[in-house]
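Worksheet: the structure to be examined is printed underneath.
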Amino acid sequence: MKAYKPHEIEKKWQQYWNETNAHRTNEDDTKEKFYCLEQFPYPSGRLHMGHMRVYSIGDVVARYKRMNGYQVLHPMGWDAFGMPAENAAIKLGAQPAKWTYENIDFMKNQQKQLGVSYDWEREIATCSPEYYKMTQQLFLLFYEKGLAYRKNGTVNWCPHDQTVLANEQVEDGCCWRCGTEVTKIDLEQWYFKITDYADRLLNDLDQLTGWPEKVKTMQRNWIGRSTGAEVTFDVPEAGEKLTVFTTRPDTLYGVTFMVLAPEHPIVRKLVKGKENEADVLAFIEKTKKESDIIRTAADAPKEGMFTGAYARHPLTGQDVPIWIANYVLMDYGTGAVMAVPAHDTRDFAFARQYNLPITRVIVPEGETFDANETMTEAYTEDGVLVQSGSFDGMPNREALEKIAEHLKENGLGGATVSYRLRDWLVSRQRYWGAPIPIIYCDDCGIVPVPKEDLPVMLPENVVIDGMSNPLAKSEEFVNTTCPSCGGHARRETDTMDTFIDSSWYYLRFTDAKNDEIPFDSEKANKWLPVDEYIGGIEHAILHLLYSRFFTKVLYDAGMINFTEPFKSLLTQGMVLKDGAKMSKSKGNVVSPDEIIAKYGADTGRLFILFAAPPDRDLEWSDSGVEGSYRFLNRVWRMVDNHADLVATHPQINLSDSAAKDLNRTLHATIKKVSEDIGERRQFNTAISSIMELVNKIYAYPKDGDPGMLAHAVESTIILLAPFAPHITEEMWRTIGHEDSVHHQSWPAFDESALVLDEVEIVVQINGKVREKMVIPANATKQEMEAIANENEKIKELTAGKTIRKVIAVPGKLVNIVVG
Ligand code: ANZ
Ligand code: ZN
């Protein structure tokens, strides 16, 4: 008996796969394509269990598809730009490039030890000049199309790190990296015009039937489309106009004050020279520091201040006081609100707090309006209009449109759509990113770097101290000549947000070595969209939204013929230990290295896939890992026991019932595993059905047909191959094959094998034949009795009688003795 030695065989087969380039993409256009992609990792140092889980899931799908006759693209790469490399440089004095590439080497080796079937010929690292040259080309494409532009605006700024931060990098008002309180400053920055694509990004979600509903909802909320109206108010004393965005133009007659975001540009003008000027300016500074989350929370305290100025109501001509308050945000709608306390909860709270009038303009249908009644809360339901001039009595849904039309006709506003989505701020004052390929010339202005001069290389001799942008301090980098006039000019020193790198990497894999253009259209059109994309839920909004945006822009540029990059999306759950997420701070980390060292990669993979459905959280369990290891040993012994028999390929003869029964289990397993991997992506139940099959083989009678036994053993190895690639490769040789198990065709499912044989039996009552029935041939005595008792005629005949005894003769008869 040969013992199962995972380390020996895993090393052996990994080397063999390496040498034979076994996982190179099997480009063969007679086959259907399948693109299986796991989100590429950040090379942080070493793999954690979350990585191991994603790769195990992806590898099962990729291997299964290959065995089912697909040409499969299954690549891997590195999302390699970003802050941690700079932090390491500051802390350890290591060059970001060196640190990053060392990590890549280490992690790649770990991935190989997992036996994941990646096509390493297509490996990419976003920090390599070959890759960022193409990222720069794409930036220039966005620039040419008017989709990359510079804008002066209020941005999040970390005073300690001296860089802007994206909204999602601000946590509770502080920098996610150093914890310093984030301030807002006005800065000119580069933006991508993702808002131009808001409607398409929203509408096309409907065609993504392979995405979790949850993720689509998060994207919808992030885009946040609202239909409503714009209304323009005059501010005569300032000679200005104020435009608000409202979803409720039907409440226009109920406006009793206006509220501006403190940052609204008109505010300073309204208070200029007034006695409250200093107070208002202080209030602006204070609110700027509050995070948007706090400002908009429903239960957060509303704080405001009267500006001393008034606007004129566009329909009634009344004076309406203008306030500023923290709950109005500058970057939504127009940064100005018409307040209707009677019908808006936040306005109601605010009016109560500052004693502002409340005018009701909607009452429930059928109710008479009582002007003396005081409201205790805002009325936010539908109803009919009151105190609304010529619109009185009109149902408010109708008034929504009618009032918007009325505004339009009178040049006072009209229907409009507003989005929560903002343009994407893409410039960073950091070193370790793709340089933005732009040159500033005093005479020519903004000049894009000519394509043939790309890449704009990151200089290596820079000082990284974490305090300011190293590129800005590099004279050698900054000073250049203008491509347009040849005069002295300066380079843009900002680098790109790393989300840009990952917004197009899935395209690069189709043509990873192209040194002219980012990718060849034909290749991208062949492989994309990605058929299965696997990754963490933490990317549900940004990465996926940005990638979808890129895809649409490239489609519009005629570079690709599809508009969505990821056909199906699988978001895997977390790996927990003792009920909590594994983390260094909790000291509950189990590393893939440890598991591989103790049991081998196959056991680790099997456990991870068996312990939970992929989209659920997975609870790490040492006994569960042990169990997976024992199961692999059990399969190993089974194969070893029957190796000689299988190698002779005995003829299958299904005449005995044990053989038929095993055949039935085998096909039920094939069906289950195929559907579970291929359609439902539920690997845990697939594995349990393989376990049942193995039990059945162990229980197979000694005198059962040897052909069927051999066939079942051989098929088990193939069914297990996508989950445990090394041990199955070894066992495949053990039973006498010389080729790879991973090149075998997936077993075909035979429906007819599932049909149970049937026989006709008679049912007697007190020895007299009363009924004939067709039942499964292998029904047990108990089953026969139950089937007979369920029969309508027998039920009738035995009703009210006492059943004294039932005699069942398998395959022949049931006799019921009544008294
Ligand atoms: C008057 C009104 C009356 C409103 C009413 C609501 C109810 P959504 O649905 O999220 O798009 N609003 C507009 N701009 C704002 C800003 N920059 N900051 C905070 N609030 C703002 O919300 C649109 C509604 O939120 C708008 O409709 C406006 O209040 C407020 F019975 O206008 B409404
Ligand atoms: Zn110039």
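The values are calculated or read from the model by the stated rules, or taken from the named source; none is laboratory data. What you see is a predicted model, and the numbers here were worked out from it, not measured in a lab. Glycine also receives a Cβ, built like all others from the backbone with ideal geometry; neighbour counts cover every protein chain displayed.
Observations on the structure shown:
- Residue count for segment 354-374 satisfying the condition of being over 21 Å from residue 389 (Cβ atoms) and at pLDDT 95 or above: 3.
- Which numbered condition residue 718 fails, given (1) crowded, with 22+ Cβ neighbours inside 10 Å; (2) aliphatic (A, V, I, L, M); (3) under 21 Å from residue 645 (Cα atoms): (1)
- Hits in segment 399-446 (condition: aromatic (Phe, Trp, Tyr) and within 16 Å of ligand 1 (Cβ to nearest atom)): 419
- Subset of segment 468-492 (residues that are crowded, with 20+ Cβ neighbours inside 10 Å, more than 16 Å from ligand 2 (Cβ to nearest atom) and under 22 Å from residue 445 (Cβ atoms)): 471, 477
- Answer from 480, 495 - the residue that is over 30 Å from residue 555 (Cβ atoms) and either within 16 Å of ligand 1 (Cβ to nearest atom) or of a type in the set (Val, Ile, Thr) (or both): 480
- Checking each residue in segment 331-349 for being in a loop (DSSP other than H, G, I, E, B), more than 6 Å from ligand 1 (Cβ to nearest atom) and either among the β-branched types (Val, Ile, Thr) or without any contact (Cβ under 8 Å) to a residue 40 or more places away in the chain (or both) picks out only 334.
- Taking the criterion of being assigned to a helix (DSSP H, G or I) and within 30 Å of residue 98 (Cα to Cα), the residues of segment 127-151 that qualify are 129, 130, 131, 132, 133, 134, 135, 136, 137, 138, 139, 140.
- Scan of segment 385-425 for residues that are crowded, with 23+ Cβ neighbours inside 10 Å and outside any helix (DSSP H, G or I), ordered by number: 385, 388, 413
- Single residue of segment 568-603 satisfying the filter (in a helix (DSSP H, G or I), of a type in the set (Lys, Arg) and more than 30 Å from residue 9 (Cα to Cα)) that is modelled with the highest pLDDT: 586
Every residue, every condition in (1) acidic (Asp, Glu); (2) assigned to a helix (DSSP H, G or I); (3) surrounded by 16 or more Cβ atoms within 10 Å (Cβ to Cβ), yes or no:
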site: 761; (1), (2), (3): no, no, yes
site: 769; (1), (2), (3): no, no, no
site: 795; (1), (2), (3): no, yes, no
site: 806; (1), (2), (3): no, no, yes
site: 811; (1), (2), (3): no, no, no
site: 816; (1), (2), (3): no, no, yes
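- The set of residues from segment 73-113 being surrounded by 19 or more Cβ atoms within 10 Å (Cβ to Cβ), assigned to a helix (DSSP H, G or I) and aromatic (Phe, Trp, Tyr) comprises just one member, 99.
- With respect to the conditions (1) more than 24 Å from the chain's Cα centre (by Cα); (2) at pLDDT below 95; (3) assigned to a helix (DSSP H, G or I), residue 161 lacks only one, and its number is (3).
- Extreme residue, nearest to residue 134 (Cα to Cα), among residues of segment 429-444 that are in a strand (DSSP E or B) and within 15 Å of ligand 2 (Cβ to nearest atom): 438
- Yes/no for residue 287 being in a strand (DSSP E or B), hydroxyl-bearing (Ser, Thr, Tyr), within 29 Å of residue 358 (Cα to Cα) and within 15 Å of ligand 1 (Cβ to nearest atom): no
- Inspection of segment 773-788 identifies at least one residue that is out of contact with any strand residue (DSSP E or B) (no Cβ under 7 Å at 6 or more places or on another chain), acidic (Asp, Glu) and farther than 30 Å from residue 722 by Cβ.
- Subset of segment 307-330 that is β-branched (Val, Ile, Thr) and closer than 16 Å to residue 356 by Cβ - its residue that is nearest to ligand 1 (Cβ to nearest atom): 328
- For the criterion of being touching a helix residue (DSSP H, G or I) at 6+ places or on another chain (Cβ under 8 Å) and outside any loop (DSSP other than H, G, I, E, B), residue 499 passes.
- Listed by first and then second residue, the pairs with beta-carbon distance under 7 Å, at least 6 apart or on different chains, first residue in segment 15-42 and of a type in the set (S, T, N, Q), second buried (at least 19 other Cβ atoms within 10 Å of the Cβ) and in a loop (DSSP other than H, G, I, E, B), are 25/119.
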